[in-house]
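Notes for the one structure printed next.
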Amino acid sequence: MSLQMVSSVSNSSLLQPGFSLLNFDGHVYFFGQKGWPKRSCPTGVFLLDIKQDELKMKPAVFSKDSCYLPPLRYPAICTYRGDTESDNHQYIIHGGKTPNNDLSDKIYIMSLISKSSKKSTFKCIEKDLAGDVPEARYGHTINVVQSRGKSMSVIFGGRSYVPLGQRTTEKWNSVVDCSPSVFLVDFEFGCCTSYVLPELQDGLSFHVSVARNDTIYILGGHSLQNNIRPPSLYKLKVDLPLGSPAVTCTVLPGGISVSSAVVTQTGDTEFVLVGGYQSENQKRLVCNTLVLEDNNIEIVERESPLWTPDIKHCRMWFGCDMGKGSVLLGIPGDNKQMISDANYFYILRCREAEEDEEEELTAQTCSQTSTEDAGDSTPFEDSEEFCFSAEANSFDVDDTYNEDDEEDESETGYWITCSAHCNVDINTWVPFYSTELNKPAMILCSSGDGHWVHAQCMDLSETMLLRLSEANVKYFCNEHVDLNKGLQTPKKMGQLKKQPMKPLRKKKAMKFTPVKKSFLRRLFE
């Protein structure tokens, strides 16, 4: 096992505890940044490039028929093949935390539809579920099992917020263990079924799960209710006959007391367990080999790498499986750094150099590692992160993401003074339109070189705003109205005062003076 330090280039603040790695066709993508995405990468998905000991990122895009995918941290993720004959796989993403600390109960299916040297395009769809739908959670695992030619997803563990009826002001964001139920999800019909097994008594989170064929092994984890890390090892077997599925659980000996560990696959039936915590105040620096053979699992301690002094003495660490026996590890930076939330990163290679060959990994791993913001919680288990296997390669990428290229939104972004009558203030602003979340809606005025104005300051109705965003027309703000060039915001006009109608005057009858007939004869003769 070898350990190598890598340096990040101007974007280390995006790599915070809670992110995930996705592997598509040998390329690794980063997902789950800490805050809301910025305009340079609205999807929050980046191509991860580790080249010459430097870590760079390139923004990815979504197709037009994709749904909205928030930057979820600590979700459960696994690979899924809708067609068993196809080599292309998809990712299932369930649960996780949004930047607003809300928990998601949605499930997404994400696939790569095109890849070029300059752009990666993804398609993301939200799957509708019915039946015993799992509650919103994080710190859990999801795996896909195959039995009798059919496949299903299995969701287990995690944490969720206290029910609304039990919340108090002081403990509004308190979390509890989810019930130890096992959920089967059938993606073909969108049905969910929960199973209560007597062997699973306590809820677990930040455990490790490894799936092969119709069997899932659940190792370690943390019970928040009892505040223990039991040396548990469970074997879930799923049978998918023509009728109702059958789920059985067996408690196996030889488990490990560990939480928040990372698992990487080094062979068809061999995995390596790295990192995690063995107690609330102690990291676990021992590594283990997991071997899945003959419908059983064998756990053997193996030689650990030469950890650096920074890793040994740090209070917390986090990491993600990069595939092919490699793990990306991160530790908090010191206070002397200019960037307060910057981290140091290492690549741990668990395979020998001659064994690092191209191969298709048929088994799945799903692990939950933790470490959240040290300022928000105590180190280790109360701070969480999820990591999943992926595969890191070097890419010839020129167009990399640089966080320094982002505009300062406090001056030139959403919080500008758009007009003389602008009333949008960053300190007092609240959403006005239904499409707004944490930034005001803006529209481009086509006058001159163009400038942005707040839709609310232009007195635009939501219907008109949607119409302008969909129509291919030019818009001119109240100060640059031009009727001959495009649409304009109608000016507010006072109501016209109606003049009361004057009554008609009666016309006087005309008086005729009688004329003698002899006079008329003389006139016409």
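The values are calculated or read from the model by the stated rules, or taken from the named source; none is laboratory data. If you're wondering where the values come from, they're calculated on a predicted model, not measured in any experiment. For neighbour counting, all protein chains shown are included, and Cβ atoms are generated from backbone atoms with ideal geometry for every residue, glycine included. Keep in mind that these areas ignore ligands, DNA and RNA; they rest on the heavy atoms of the full protein, side chains included. Shrake-Rupley method; radii C 1.70, N 1.55, O 1.52, S 1.80 Å.
Estimate the FRET efficiency between Glu293 and Tyr433 by the formula 1/(1 + (r/R0)^6), using the beta-carbon distance for r and 41 Å for R0, to the nearest 0.05. Given R0 = 41 Å and the Cβ-Cβ separation, E is 0.10.
Using the Cβ-Cβ distance between Met5 and Asn227 with R0 set to 45 Å, the FRET efficiency works out to roughly 0.85.
The trypsin sites (Lys or Arg not before Pro) found in segment 68-146 that occupy coil by DSSP, while having at most 12 further C-beta atoms within 10 Å, are Lys118. Percent of accessible area on segment 416-484 owned by carbon and sulfur, 1.4 Å probe? Ligands and nucleic acids excluded, carbon and sulfur give 49 percent.
Solvent-accessible area of segment 2-352 (1.4 angstrom probe, protein heavy atoms only): carbon and sulfur portion equals 48 percent.
Sorted from longest to shortest, the spans of the Cα atoms of segment 145-220 along the three principal axes equal 51, 30, 20 Å. The modelled label-to-label distance between Val196 and Ser13, using points 7 Å beyond Cα along the C-beta direction, is 4.8 nm.
Taking every protein chain into account, the accessible area of segment 2-352 amounts to 42 square angstrom per residue (probe 1.4 Å). You can think of it this way: the chain between Val162 and Lys119 has 11.3 nm of extra reach, that is 0.36 nm per residue less the Cα-Cα gap. When you count the other C-beta atoms within 10 angstrom of each residue and take the mean per peptide, 140-152, 289-301, 442-454 line up highest first as 140-152, 442-454, 289-301.
Note that segment 416-484 presents 64 Å² accessible area per residue, ligands and nucleic acids not counted, probe 1.4 Å. With a Förster radius of 56 Å applied to the C-beta separation of Asn100 and Glu303, the computed FRET efficiency comes to 0.80. The three principal axes of the C-alpha atoms in segment 416-484 carry coordinate ranges of 37, 25, 17 Å, sorted with the longest axis first. Averaging 1/r over each pair of different alpha-carbon atoms in segment 125-267 and inverting the result gives 16.1 Å, the Kirkwood hydrodynamic radius. Give me the one-decimal Kirkwood hydrodynamic radius in Å for segment 1-127, with the sum taken over alpha-carbon pairs. Evaluated on segment 1-127, it is 15.3 Å. For segment 72-173, the set of GluC sites (Glu not before Pro) satisfying both a DSSP loop assignment and a count of at most 11 other C-beta atoms within 10 Å is given as Glu85, Glu170. Considering all C-alpha pairs of segment 2-352, those separated by over 34 Å amount to 23%.
Surface calculation, 1.4 Å probe, protein heavy atoms: Cys249 sits at approximately 10 Å² accessible.
Annotation: extensible slack from Ser63 through His313 equals 85.5 nm (criterion: 0.36 nm per residue apart, minus Cα-Cα distance).
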